[in-house]
1. So residue 211 fits all but one of (1) in contact with a helix residue (DSSP H, G or I) (Cβ under 6 Å, 6 or more places away or on another chain); (2) closer than 13 Å to residue 183 by Cα; (3) surrounded by fewer than 19 Cβ atoms within 10 Å (Cβ to Cβ); what number is the exception?
2. Could you check the range 117-134 and list, in sequence order, the residues that are within 14 Å of ligand 2 (Cβ to nearest atom) and assigned to a loop (DSSP other than H, G, I, E, B)?
3. Here are 332, 297: which of them is within 16 Å of ligand 2 (Cβ to nearest atom) and either buried (at least 23 other Cβ atoms within 10 Å of the Cβ) or over 25 Å from residue 132 (Cβ atoms) (or both)?
4. Are any residues in the range 305-320 more than 15 Å from ligand 2 (Cβ to nearest atom) and free of Cβ contacts under 8 Å to residues at least 60 places away in the same chain, and if so, which ones?
5. Is it true that residue 97 is closer than 28 Å to residue 255 by Cα, within 14 Å of ligand 2 (Cβ to nearest atom) and in the same structural domain as residue 260 (by TED's automatic domain parsing)?
6. Take the range 47-66 and flag every residue that is out of contact with any strand residue (DSSP E or B) (no Cβ under 9 Å at 6 or more places or on another chain) and buried (at least 16 other Cβ atoms within 10 Å of the Cβ).
7. Filter the range 71-116 down to residues that are in contact with a strand residue (DSSP E or B) (Cβ under 7 Å, 6 or more places away or on another chain), farther than 21 Å from residue 276 by Cα and assigned to a loop (DSSP other than H, G, I, E, B) and give me whichever is farthest from ligand 1 (Cβ to nearest atom).
8. Restricting the search to the range 291-337, which residues are part of a strand (DSSP E or B), closer than 30 Å to residue 139 by Cα and under 22 Å from the mean Cα position of the chain (by Cα)?
Ligand code: PEP
Ligand code: MN
């Protein structure tokens, strides 16, 4: 971090500032130029509040030269993190498809979909039990009953399950869930992230609707700072000015996240566009860009789905997608499942 001092800052103010910084275990290097004086900070600056520094009377500006996230940063952890879950390895070199309905609706619906996605080659079963809906009048999910149905489907198919947690008060209900999903709307629910950091559960963290890559990685950092390093990042499309699709899949986020971080990166092409026919081309793009997996919504009767039917594939479409995925994954030299 570099601090640019004000041109005529009194020496007394500068000394007070330097002492304050040294008190935070930082080494301060001063370089006096003709037009400006700079303070270079060496050490762990992650707890420095930049806005507070900028408000100091002696300070003109502050520039970060290293990222504010440490645990999620590839710089300090050059090797890719591979997360073991339910007998599978998630991360670089492997490829997994997490498939299932947007919402768990009934025992029959879930078991039909679970059997068929397994048959087609999915390795994880997804399904929302607690649903974050824009309208309070929309179907909110079967809640605890939905989790019981997911566990039943897991017993029957052997597929590990992933489902969304919306509040730390729900943690008890998720004791047997394999992967806890943090949805886009909760990416910056810091209280939830901190609570998840105290667990040893793998967390699937989705990027917020309008969040930057740095904010996304800082949310991963929240979980990791609590001691839980099992975080999977999920790019699911971001808000742009384009109204004809639900979100815009940020393809560049995939290589960027993989470069900046060692964590696995998967892509959700269903929420990215909100249109079922676009799931296949977006899936191919995600694989080509280096994704470690896909999360795909599948419904046995998309037209009558209680949530996100327009973006859900039917089992036949999903099967065709999986055949395509397998070919492309083999081409990328990755291991399927
Ligand atoms: C979901 O996966 O069902 C979901 C609600 O996704 P997102 O949080 O990305 O909107
Ligand atoms: Mn959905």
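The values are calculated or read from the model by the stated rules, or taken from the named source; none is laboratory data. Nothing here was measured: the structure is a model prediction, and the numbers come from that model. Neighbour counts run over all protein chains shown; Cβ positions are idealised from the backbone, glycine included.
1. (1)
2. Of the residues in the range 117-134, the ones within 14 Å of ligand 2 (Cβ to nearest atom) are 126-134.
Scanning the range 117-134 gives 127, 129, 130, 131, 132, 133, 134.
3. Working: 332 fails: within 16 Å of ligand 2 (Cβ to nearest atom).
From the options 332, 297, the qualifying one is 297.
4. Scanning the range 305-320 gives 314, 316, 317, 320.
5. Details: closer than 28 Å to residue 255 by Cα: yes; within 14 Å of ligand 2 (Cβ to nearest atom): no; in the same structural domain as residue 260 (by TED's automatic domain parsing): yes.
Here the answer is no, as residue 97 does not meet what is asked.
6. none
7. 93
8. If we filter the range 291-337 for residues that are part of a strand (DSSP E or B), which is where we start, we get 293-298, 313, 335-336.
Now narrow it down to the ones that are closer than 30 Å to residue 139 by Cα: 293-298, 313.
Within the range 291-337, 293, 294, 295, 296, 297, 298 meet the criteria.
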